[in-house]
């Protein structure tokens, strides 16, 4: 797996103060994407032990709520296995931290992937330029959903997270 950046103290990509891993590789090629540089799966840097250590060092801070996986697309086929292992390791080492994952896939397409047992929130769906709304919390276009994954599995129906759930 490759990545482009690790953002620290981010407040835009999920609830609270977060560390964001921007992975390389995306097949969706959404018009108006804010990160087209991340589409190339060969771009960026190799995700190695130093990059993982950088994320884990940030998660040690009490004020950091968790990690957000974005890109590119963390669920781009070549990223899936390594993203799953990373999420498992984060969940094991930092059980109180939340894991958010942004993907261009619909939740119904990826709900059965092994990674979902470790994810707290999925922001799903392609970015659609004509549905862009800069006032939406945690998402770029109206079609995208912010899904509470544990509640969705428990209730066996999609449970959307609202900004009010965290205020």
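The values are calculated or read from the model by the stated rules, or taken from the named source; none is laboratory data. Computed from a predicted structure; not experimentally measured. Every residue, glycine as well, gets a Cβ built from its backbone with ideal geometry; the counts of neighbours run over all protein chains shown.
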Unique residue being assigned to a strand (DSSP E or B) and buried (at least 17 other Cβ atoms within 10 Å of the Cβ) when the list is 115, 123: 123
Qualifying positions in region 126-141 - out of contact with any helix residue (DSSP H, G or I) (no Cβ under 9 Å at 6 or more places or on another chain), in a loop (DSSP other than H, G, I, E, B) and in contact (Cβ under 8 Å) with a residue 24 or more places away in the chain: 126, 127, 128
Qualifying residue in region 61-75 (condition: in contact (Cβ under 8 Å) with a residue 24 or more places away in the chain, over 14 Å from the mean Cα position of the chain (by Cα) and over 22 Å from residue 98 (Cβ atoms)): no
Count - residues of region 28-48 that are outside any strand (DSSP E or B) and either on the phi > 0 side of the Ramachandran plot or free of Cβ contacts under 8 Å to residues at least 60 places away in the same chain (or both): 14
Region 134-143, residues that are surrounded by fewer than 22 Cβ atoms within 10 Å (Cβ to Cβ) and either in contact with a strand residue (DSSP E or B) (Cβ under 7 Å, 6 or more places away or on another chain) or closer than 27 Å to residue 59 by Cα (or both): 136, 137, 138, 139, 141
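Pick out the one residue from 122, 115, 110 that is at pLDDT 95 or above and touching a strand residue (DSSP E or B) at 6+ places or on another chain (Cβ under 6 Å).
Sole residue among the options that is at pLDDT 95 or above and touching a strand residue (DSSP E or B) at 6+ places or on another chain (Cβ under 6 Å): 122.
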